[in-house]
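To start, the structure itself, in structure tokens.
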Amino acid sequence: MKRLLPAPLLSLACALLWLLLNLSLSPGNLLLAALLGVLAPLLMTSLRPLPVRIRKPGTILRLLGRVGIDVLASNLQVAWGVLNLGRRPPRSAFVKVPLELRDANGLAALSAITTVVPGTVWSELALDRSILLLHVFDLDDEARFITHFKTTYERPLMEIFE
């Protein structure tokens with residue numbers, strides 16, 4: 001049964017969504033809903049994330065707290081930078097951060113963190129996952145930024161996922 005329906009809740013959701021979008025319970029729509037419910041999860045099996053084994057839950061809590069603090073501080077820094085555009089323009093730059101993190105789930109978490117923290121934008125990840133290109137709104141010292149990024153975000157994610 002698991003082979004035919006690898007994700008039963010997803011199958012049910014797909015079928016119900018099909019019926020809801022068509023607003024019809026005709027035999028043809030019921031058949032299409034059943035086909036969609038069975039085939040969609042089967043065809044998308046390779047897209048499903050790998051199972052995650054999380055280590056060190058305390059590290060997760062510390063990382064979440066640190067991200068929260070950084071979000072608040074970055075919001076204030078970006079707001080101050082925007083308000084002072086006339087006096088001192090921001091020193092925007094692209095920064096290449098060498099990565100040691102290779103786990104796909106860890107990289108996804110890192111991209112989410114980067115997206116949430118104002119002033120940084122995840123621009124590109126090298127095909128071999130060794131270098132991350134970030135755009136930084138206002139950069140004082142590139143080496144200090146890279147060190148901060150790696151110790152604050154990458155290292156805890158490596159402890160959690162690898």
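No lab work stands behind these numbers, since they all come straight from the coordinates. As the structure is a prediction and not an experimental result, all values here were calculated from the model. Cβ coordinates were reconstructed from backbone atoms using ideal geometry, including for glycine residues, and neighbour counts include every protein chain displayed.
Given [x] 1.15; [y] 1.08; [z] 0.94 as candidate values of Rg/Rh (Cα atoms, Kirkwood Rh), which corresponds to the one derived from the coordinates?
[x]
Once the Cα gyration tensor of region 79-162 is found, what semi-axes does its equivalent ellipsoid get, as square roots of 5 times the eigenvalues, in whole Å, sorted largest first?
Largest first, region 79-162 gives 26, 12, 11 Å.
With label points built 7 Å along Cα→Cβ from the Cα atoms of Leu16 and Leu133, find their separation and express it in nm.
4.3
So, how do all the Cα-to-Cα distances of region 8-47 break down into 5 Å bins, in percent, from 0 on up?
6, 29, 31, 19, 10, 4, 1
So, in nm, how far is label Val52 from label Thr147 when the simple model puts each one 7 Å beyond its Cα toward the Cβ?
3.0
Report ³J(HN,Hα) in whole Hz for each residue of region 65-70, in order, from the Karplus equation J = 6.51 cos²θ - 1.76 cosθ + 1.60 where θ = phi - 60°; Gly and Pro get x.
Going residue by residue, I get x, 5, 4, x, 5, 5 Hz, with x marking Gly and Pro.
Choose one of Leu99, Leu76, Leu63: the residue whose Cα lies farthest towards the positive end of the charge dipole of region 57-161 (beta-carbon charges +1 Lys, Arg; -1 Asp, Glu; about the Cα centre).
In region 57-161, that residue is Leu76.
So what is the 222 nm mean residue ellipticity for the chain from helices alone, if each DSSP H run of at least 4 adds -39500 (n - 2.57) and you divide by all residues, rounding to the nearest 500 deg cm²/dmol?
-17500 deg cm²/dmol
So which trypsin sites (Lys or Arg not before Pro) in region 32-118 are both in a DSSP loop and have at most 16 other Cβ atoms within 10 Å of their Cβ?
Of the trypsin sites (Lys or Arg not before Pro), the ones in loops of region 32-118 whose Cβ has at most 16 other Cβ atoms within 10 Å are Arg53, Arg55, Arg87, Arg91, Arg102.
Considering every Cα-Cα pair within region 1-93, what fraction, in whole percent, is farther apart than 18 Å?
69
Please list, in chain and number order, the residues 5+ apart from Ser123 or on another chain whose amide H is under 5 Å from its amide H, with Hs placed from the backbone.
Counting only residues 5 or more places away or on other chains, the set is Leu133, Leu134, His135.
Roughly how many debye, to the nearest 20, is the charge dipole of the chain about its Cα centre, given +1 on each Lys and Arg Cβ, -1 on each Asp and Glu Cβ, and no other charges?
Roughly 340 debye for the chain.
Along Cα→Cβ, 7 Å out, is where each label goes; now give me the distance between the ones at Asn84 and Ala108 in nm to one decimal.
Taking the simple label geometry, Asn84 and Ala108 are separated by 3.9 nm.
Tell me, what is the percent relative contact order of the chain, built from C-alpha pairs under 8 Å that lie six or more residues apart?
24
Using a Cα-Cα cut-off of under 30 Å, which lysines could be cross-linked to Lys150, ignoring same-chain neighbours fewer than 8 residues away?
Qualifying lysines at Cα under 30 Å: Lys56, Lys96.
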